[in-house]
Ligand code: MIG
């Protein structure tokens, strides 16, 4: 490795400061006042187009260059970068002149580049995509190399997702760094040397983005402006999903679906794993197991279910198989440098692998979904094995395989981490073309920075272990802090046998995860909600029903996330960055800003400790009030997962439905938690399609001040119907009188302490409810 040496010369033109050093060029360019792109390009090397960064025109940034004797300083109103002349070193300062972490230096070598930066003891490190362990990754070494790895134990950090982005925090001030490399990237986060952050990419150049914050939310908003945000998913995708490796034949699928309905366990989708295919040939059906997929899908739809099918990237080498033949003819498969197809074993046996770095291949692949989507009515696609996973010792393709557009081929190891993202892009864009009026739903196992644009992500093969129930929360919080909001883990655990208590606790947590799917491996015990007897079934039913009641709230949070890039599932750190107790708190989390979810993750536990940050918190189940900051012991018998609502919150809820578009009376419930002033702008739309992009949505403003609630009329091009509007008012005392627009209305006091007012007329008119409270 050669450290970047002294500055030879530089120029500053069109907003870019270009610095020449012996053997390499360093460019610094502000894309926004708080976003600096840093590129180190050694001589004679080529940059690849980014797969993560959205092509867009950034507004001109007002930049000032100060040419000092020791250092150059490039400044915007939001940050300053100081470039030492000899040697070239970088120091970043925020708008108040405070140093971000410490001095950074760059180096390069044969097929490698490095970023090294001081890591003072007070700096904490978050994000890094899918990594096991707790929230703050200080003291950890981690590698980004998309891998099919099911252990998810602390010593196995190399998992399916590779997102070389992190957020560093000093107290409540944050900055971020994204190293845009799809090659292997290794992080040493103050492990080998307690005062150093070292990032090593096995790549030809370094292309990094520094985010100056200063708030953690600022970093995430910018990062997702750079790499894109989740599109609003179809509403049904937020429902409960029933999966298993693997439901076949057709009769079994129908039986599971029928049981869900008979037992009134809400569910929106049943999933088909690899055994629906003919010899694992993608885009085919095993006609013995599934003689008439179209009829089956239609019958399921009739009962309210969507059908989702798995699609793997490996294409069986089989001269009579059209997908293989077309792939060869169209030059779509990855080859070795000598032009031979790169063939290796995966589920279908000897297989070829599409080169999704090629635009024509992405298009071809997207179009391959035509029959499934347009003829058979398949509603969603599940991309698995897209690290890509291969059954060999290396677990993936060899570095000798080459990828890329003609004239720009590189070894597979340079673009390895982009495989899942580009496959998801191909699928997402295909679904958009094939069904322009539907929002695509896609689940992926592998991904790279920006994967949130195309797919929901699950964490792959966890185990039915309490340890993996515990690790679910920090792993998913880390994904959210890496720009990916639509995430979940296999409820009940994939490998190994689940048991009733573990399942009950997992489904309680799962009901509050952005993506909510039960899945289990072949050869393990049954894991459907009724598999563990009536007590656990009842718990599963109640929590899944609660998820459906909370859908207006969840959907609203998804909408906000699609607008801001902030996660749906949040560490307390994000909302309470000034509170040191939140710095590494990951066994409880917030949904949005208001709902505190506290899973139980130990067998036999009937209580758990809960940390309540500043403010007042209301027990969701009992209405009891607590003042934070405080640690409390929450009762948690098997049927209860502790849940708290922030005073000032207004939770929009709906009725229980068995599936999201089940015809049912339209009822909106507002659970109002008085005790602090609050606001809700409730987003609603059709839950499908793109009319919302042309104004086809409604926002209902609701304001709480003291014990007065003002509900505005819905605004916008979509007209929600409300047969009933229910206000459930949780007051810090006993409600004695309720009034609507100054006139008394009747209310009843419910078991959880809420004063409940039911309106059946003028339900979308503006109105004001006020409550007189005693004691
Ligand atoms: O080699 O399709 O993570 O969810 O059930 C295993 C079979 C392949 C791995 C996925 C899992 C899925 C399984 N797949």
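The numbers here are math on the coordinates, done by the rules we state, and not lab data. Being a predicted model, the structure only gives us computed values, none of them experimental. Here the Cβ positions follow ideal geometry from the backbone for every residue, glycine too, while neighbour counts run over all protein chains shown.
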Å³ per residue enclosed by the Cα convex hull of region 532-655: 121 Å³
Rel. contact order, % - alpha carbon contacts under 8 angstrom, at least six apart, the chain: 10 percent
Projected-area average for region 569-640 over all orientations - Cα convex hull basis, square nanometres: 4.7 nm²
Inter-site label distance for residue 156 and residue 631 at 7 Å from Cα along Cβ, in nm: 3.2 nm
Residue 47-residue 263 pseudo-label distance in nm [points 7 Å out on the Cα-to-Cβ vector]: 5.5 nm
Spherically averaged projected area of the chain from its Cα convex hull (nm²): 32.7 nm²
Pairwise centroid distance, computed over Cα atoms, of region 386-405 with region 66-118, Å: 36 Å
Mean-position separation - Cα centroids, region 33-54 and region 285-343, in angstrom: 36 Å
Region 335-387: C-alpha gyration tensor shape, a/c 1.5 cut-off, then a/b vs b/c: prolate
Contact order relative to length of region 569-640, as percent, for alpha carbon pairs under 8 angstrom and 6 or more apart: 24 percent
Mean separation of Cα contacts under 8 Å (6+ apart) over length of region 665-774, as relative contact order %: 29 percent
Cα centroid of region 149-165 to Cα centroid of region 488-535, whole Å: 22 Å
Within region 294-317, backbone nitrogen closer than 19 Å to the virtual label 7 Å beyond the Cα of residue 661 toward Cβ: 294-309
Shape category assigned to region 692-775 from the gyration tensor of Cα positions, a/c cut at 1.5: prolate
Prolate/oblate/rounded label for region 2-227 (Cα gyration tensor, a/c 1.5): prolate
Calculated FRET efficiency for the pair residue 593/residue 60, C-beta based, R₀ 45 Å, to 0.05: 0.85
Helical contribution to [θ] at 222 nm, DSSP H n ≥ 4, -39,500 (n - 2.57), averaged over the chain, rounded to 500: -5000 deg cm²/dmol
